[in-house]
Amino acid sequence: QIGALEAALSSDTSRPTLFVQHYPLTTGQSWWSDYETSGTTVTEKKQRLLSMMGRFDEVALLAGHNHVSGHFVHDVGGRLLDEYVAPYFGGNNGEDLTSGGGFLALLVSPTDGILEVKEIPAGTADTNVATATLVGTYERT
């Protein structure tokens with residue numbers, strides 16, 4: 001599967017590229033483990049993903065799983081790569097969208113790349129109204 005992903009990626013490294021997966025790079029090692037069925041270590045898997053990301057001028061990783069929002073920066077050979085973790089989508093195990101949780105929204109330009117990443121809280125009294133809170137702005141490195 002990973003070989004197919006690498007082959008499917010654009011050869012145009014200036015094209016803004018988003019990687020999206022369930023498990024963040026920053027989550028516990030056990031979530032990344034395949035119990036040695038692939039013969040690849042967790043560290044090697046994470047490094048392979050970061051290497052694929054590093055091919056692109058404008059790139060970010062979007063993930064979830066942790067149920068808490070976050071912005072992490074990974075240094076890959078002096079290049080800084082952004083990872084954004086989405087919050088859980090609501091309180092009471094996701095059943096109550098009027099309390100807690102939220103969503104990530106990205107502003108991406110086909111020519112200028114990833115302009116900003118915002119967290120949109122779900123916990124508003126009126127679910128038709130959301131106030132955007134800036135989590136992080138992607139800065140070119």
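The values are calculated or read from the model by the stated rules, or taken from the named source; none is laboratory data. From a predicted model like this one, the values you see are computed outputs, not experimental measurements. Note: ideal-geometry Cβ built from the backbone for every residue, glycine included; neighbour counts use all protein chains shown. Please note that ligands, DNA and RNA were not included when accessible areas were found on the heavy atoms of the full protein model with its side chains. Shrake-Rupley method; radii C 1.70, N 1.55, O 1.52, S 1.80 Å.
Brief remarks follow.
- Euclidean distance between Cα centres, region 1-32 to region 38-89, Å: 8
- Per-residue HN-Hα couplings for region 10-18 [Karplus 6.51, -1.76, 1.60; θ = phi - 60°; Hz; x = Gly/Pro]: 4, 7, 7, 6, 8, 6, x, 9, 10
- Here each label is just a point 7 Å from Cα along the line to Cβ, and for T13 and T111 those points are 2.3 nm apart.
- Think of a 1.4 Å ball rolled over the protein heavy atoms: region 1-86 then has 57 Å² of accessible area per residue.
- Coupling constants for region 20-37 follow from the phi torsions by the Karplus curve (6.51 cos²θ - 1.76 cosθ + 1.60, θ = phi - 60°), and in residue order they are 10, 8, 6, 8, x, 5, 8, 7, x, 4, 4, 5, 8, 6, 10, 6, 6, 6 Hz; glycine and proline get x.
- With every protein chain in place, region 1-82: carbon and sulfur % of accessible area (1.4 Å): 53
- For L104, residues with placed amide H under 5 Å, excluding near neighbours: I120
- With both labels modelled 7 Å from their Cα along Cα-to-Cβ, the H71 to I120 distance reads 1.8 nm.
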